[in-house]
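The values are calculated or read from the model by the stated rules, or taken from the named source; none is laboratory data. Since this is a predicted model, take the numbers as computed values, not measurements. So basically every Cβ, Gly included, is an ideal-geometry build from the backbone, and we count neighbours across all protein chains shown.
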Amino acid sequence: MNDTDTWITIILLTVSTILTRSSFFLLGNSVKFPPKVQHALRYAPAAALAAIVVPDLVLSGGAVTISLANPKLLAGIGAAVFFMATQRLLGTIVVGMVLFTVIRLYA
C-alpha cells in the first residue's frame, strides 16, 4: 500500500465514522426504530462490556484457560456472584480486585 492509498483509506474511514455517529443528531426524532429494535438496543451496552471483559477473563498467556488455575476467571466469577446478590457496582469492583489479588498471591 502506498502513501496515497493510506491517506484515501484514512479519509474515507473518517467520513464514514462522522456520518454514522452524527446521523442520529442530524436526523433527530424523525427516524423511529421499531419496538423490537429499541428493545434489542437496550442490551447493546451490556453486550459491548461483555465482549471486552470476557476475553480478558478467559485468556491467559494468549491461550484460553478455563480452569481453577486462572485467577482472573475465578475473581470474575466471584465478582459476578457478588453483583447478582447485592446489585452494588462499586462493591463488585472491590470484591473482584480483592479476590484477584488474594487468589493470585496464595494460589
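Candidates are the residues of the range 40-64 that are part of a helix (DSSP H, G or I) and either in contact (Cβ under 8 Å) with a residue 12 or more places away in the chain or touching a Lys or Arg at 6+ places or on another chain (Cβ under 6 Å) (or both); the one that is surrounded by the most Cβ atoms within 10 Å (Cβ to Cβ) is Leu57. Restricting attention to the range 84-100, the residues that are over 22 Å from Thr65 (Cβ atoms), surrounded by 14 or more Cβ atoms within 10 Å (Cβ to Cβ) and within 17 Å of the chain's Cα centre (by Cα) add up to 1. The set of residues in the range 4-33 that are loosely packed, with under 10 Cβ neighbours inside 10 Å and at pLDDT 90 or above comprises Thr4, Asp5.
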